[in-house]
Amino acid sequence: MDYDIWNRAFYDDGEWVSWSDIEEQLQYQEWRAKYPNAIRSLIPYFQDLLSLAESYHLETGRHLNVYGDIGELFGAITYGIKLNKNYAQGSDGRLGNDHVEIKTITPFKSKDEVFLKLAGNFSKLLVVKINADFEVSSRMVVRSKLPKTAKPFLKIRWEDLLAAE
């Protein structure tokens, strides 16, 4: 018989409760506070993928090709964006009735900017920035607040998004 169970669990209100159950509930409460709009099941994937990208970079000095996925997951857990299927045309997901395009500024970019294809069917733009310390932040703007241009692509700088929010 495993007597160590008494050190890892206790009996409360008619059922056995382990410390890992308590830690899991505390983790979910922390996530609910940090990501109130999140699809909670996606949070561990976001955290694991970000941690993997950082560890790989620290170990090899190279970057994995995962930052777009990290940006999309961040949009899903931070804003509640329902992501489209991979390679869906026009936008990356939906937020209510809005189609959202998600662009990611990677930690190895020399400039904090993205290029946006204007032909896409989107009404909001979410730019996710992953800095050199692998900290993630974002800014969302309505398409109508973006600069007007006749060109097929628009260069958007991170600092310009603050004024457009």
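When the residues of segment 11-32 are filtered to those that are exposed (fewer than 13 other Cβ atoms within 10 Å of the Cβ) and not in a helix (DSSP H, G or I), which remaining residue is modelled with the lowest pLDDT?
By that ranking, first place goes to Y11.
For the list (1) in contact (Cβ under 8 Å) with a residue 40 or more places away in the chain; (2) assigned to a strand (DSSP E or B), I need the number of the one condition that E159 fails.
(2)
Taking the stated definitions as given, is A88 of a type in the set (A, V, I, L, M), surrounded by fewer than 19 Cβ atoms within 10 Å (Cβ to Cβ) and without any contact (Cβ under 8 Å) to a residue 12 or more places away in the chain? Show your work before the answer.
Numbers: of a type in the set (A, V, I, L, M): yes; surrounded by fewer than 19 Cβ atoms within 10 Å (Cβ to Cβ): yes; without any contact (Cβ under 8 Å) to a residue 12 or more places away in the chain: yes.
Yes, satisfied.
When the residues of segment 99-116 are filtered to those that are more than 18 Å from the chain's Cα centre (by Cα) and not in a loop (DSSP other than H, G, I, E, B), which remaining residue is surrounded by the fewest Cβ atoms within 10 Å (Cβ to Cβ)?
It comes out as F115.
When residues of segment 33-65 are filtered for being among the hydrophobic types (A, V, I, L, M, F, W, C) and exposed (fewer than 11 other Cβ atoms within 10 Å of the Cβ), how many remain? Steps first, answer last, please.
Narrowing segment 33-65 to residues among the hydrophobic types (A, V, I, L, M, F, W, C): 33, 38-39, 42-43, 46, 49-50, 52-53, 58, 64.
Checking which are exposed (fewer than 11 other Cβ atoms within 10 Å of the Cβ) leaves us with 33, 58.
Counting residues in segment 33-65 that are among the hydrophobic types (A, V, I, L, M, F, W, C) and exposed (fewer than 11 other Cβ atoms within 10 Å of the Cβ) gives 2.
Restricting attention to segment 117-144, which residues are part of a strand (DSSP E or B) and under 22 Å from N97 (Cβ atoms)? If you could, list the steps in order and put the result at the bottom.
We begin by selecting, within segment 117-144, every residue part of a strand (DSSP E or B); these are 117, 124-130, 136-142.
K117, K124, L125, L126, V127, V128, S138, R139, M140, V141, V142 - these are the residues of segment 117-144 that are part of a strand (DSSP E or B) and under 22 Å from N97 (Cβ atoms).
Anything in segment 43-87 that is within 29 Å of Q29 (Cβ to Cβ) and of a type in the set (G, A, S)? List them, or say none.
Correct list: S51, A53, S55, G71, G75, A76, G80.
Out of segment 117-136, which residues are within 17 Å of K155 (Cα to Cα) and surrounded by 18 or more Cβ atoms within 10 Å (Cβ to Cβ)?
F122, K124, L125, L126, V127, V128, K129
Confirm whether G75 is surrounded by 15 or more Cβ atoms within 10 Å (Cβ to Cβ) and outside any strand (DSSP E or B).
yes
Consider segment 137-161. How many of its residues are small (G, A, S) and either exposed (fewer than 12 other Cβ atoms within 10 Å of the Cβ) or within 13 Å of L116 (Cβ to Cβ) (or both)?
Residues of segment 137-161 small (G, A, S): 137-138, 144, 150.
Retained after the next criterion (residues that are either exposed (fewer than 12 other Cβ atoms within 10 Å of the Cβ) or within 13 Å of L116 (Cβ to Cβ) (or both)): 144, 150.
The total comes to 2.
The values are calculated or read from the model by the stated rules, or taken from the named source; none is laboratory data. Only a predicted model underlies this, so the values are computations on that prediction, with no experimental measurement involved. Reconstructed Cβ throughout: ideal geometry from the backbone, glycine too, with neighbour counts over all protein chains shown.
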